[in-house]
Amino acid sequence: MALADLTAGAVADAQECEAQRPLAEVERDALARPAAIDALAALAPADVVKIIAEVKRASPSRGDLADIPDPAHQAALYEQGGASAISVLTERRKFKGSLADLEAVRGRVSLPVLRKDFIATEYQVFEARAAGADLVLLIVAALDQATLDRLYRLIVSLGMTPLVETHSAEELERAKAIGAKLIGVNARNLSTFELDRNLFGTLVDAFPADAIKIAESAVLTPADVAHYRAAGADVVLVGEALVTGDPVATLKQFLAV
């Protein structure tokens, strides 16, 4: 299943939600939320690598990964282990997530929470804030430049932080053009699902000087964290390794790099 199909499915699900819960209602709930947590401050470069820990049940490339009956408990373990932010997969078709997962996590932890989904509409952004998200993922490859810019500005206007995901030099230039301050490089090609752990290192010198640099995917061992850190990553995003093992012990090992 290619990125375009995943995005189309997520948009269709959002349209189904909108038929039950109109935009005006979701926007009202979003604006009534307490202010979002400052994710740029939480993920700012430091002497040690920072980790965004992901609540992830499944993926298109790996299938089922873990049974997570209580995502809030999983997130609490991540906070205990030293994560700097929590990512929650809310896509239901292939990742088996939901906005209810995000709301549960937001209610349990004090860390910034990312809505990880295939975001392409304003409705999805308002949904994210209404559920308590502090960050929202924007995948450059899934959006034309006008939509990318429009959604980026909406996310910022709601007090949240956009995490702009790239996979090539051209996409990184598009992220820079909208003024992205939190930029990720995903080692997984979302069209072929192939991994290139060295992609981050080939793009890192093209990052804006004031951007926080995030390496995503292909993080299974402390050596993988060390590889990204040596290449210049400020933050690594980790999912599979944390849901398939002891999350607290694994985080402590990764943070000791």
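Whether any residue in the range 53-69 is over 17 Å from D117 (Cβ atoms), small (G, A, S) and assigned to a helix (DSSP H, G or I) is what I want to check. No; the residues of the range 53-69 include none that is over 17 Å from D117 (Cβ atoms), small (G, A, S) and assigned to a helix (DSSP H, G or I).
Return the pairs, sorted by first residue and then second, in which the second residue is buried (at least 20 other Cβ atoms within 10 Å of the Cβ) and not hydrophobic (A, V, I, L, M, F, W, C), the first residue lies in the range 218-237 and is in contact (Cβ under 8 Å) with a residue 12 or more places away in the chain and outside any loop (DSSP other than H, G, I, E, B), the beta carbons are less than 6 Å apart, and the residues are 6+ apart or on different chains. Here the result reads V235/K50; V236/Y228; L237/E216, each pair linking the range 218-237 to a residue that is buried (at least 20 other Cβ atoms within 10 Å of the Cβ) and not hydrophobic (A, V, I, L, M, F, W, C).
Just one of the listed residues (K50, K56) is surrounded by 20 or more Cβ atoms within 10 Å (Cβ to Cβ), of a type in the set (D, E, K, R) and closer than 21 Å to K213 by Cα, namely K50.
Here is the figure for the range 224-254: residues that are closer than 25 Å to G63 by Cβ, out of contact with any Phe, Trp or Tyr (no Cβ under 9 Å at 6 or more places or on another chain) and among the hydrophobic types (A, V, I, L, M, F, W, C) total 4. Tally time: how many residues in the range 138-165 are under 17 Å from A41 (Cα atoms) and within 13 Å of the chain's Cα centre (by Cα)? The total comes to 5.
Taking the stated definitions as given, is A4 among the aliphatic types (A, V, I, L, M), touching a strand residue (DSSP E or B) at 6+ places or on another chain (Cβ under 8 Å) and assigned to a helix (DSSP H, G or I)? Answer is no for this residue. Scanning the range 230-240 for residues that are within 16 Å of the chain's Cα centre (by Cα) and closer than 21 Å to A42 by Cβ returns A233, D234, V235, V236, L237, V238, G239. Evaluated against (1) outside any helix (DSSP H, G or I); (2) in contact (Cβ under 8 Å) with a residue 40 or more places away in the chain, P34 falls short on exactly one condition, (2). Look at (1) modelled with pLDDT under 95; (2) at negative phi; (3) of a type in the set (S, T, N, Q) and you find that N198 fails only one, number (1). With respect to the conditions (1) buried (at least 19 other Cβ atoms within 10 Å of the Cβ); (2) modelled with pLDDT of 95 or more; (3) β-branched (V, I, T), V243 lacks only one, and its number is (2).
The values are calculated or read from the model by the stated rules, or taken from the named source; none is laboratory data. Quick caveat, the model's predicted, so the values are computed rather than measured. Positions of Cβ are generated from backbone atoms using ideal geometry, with glycine treated the same way; all protein chains shown enter the neighbour counts.
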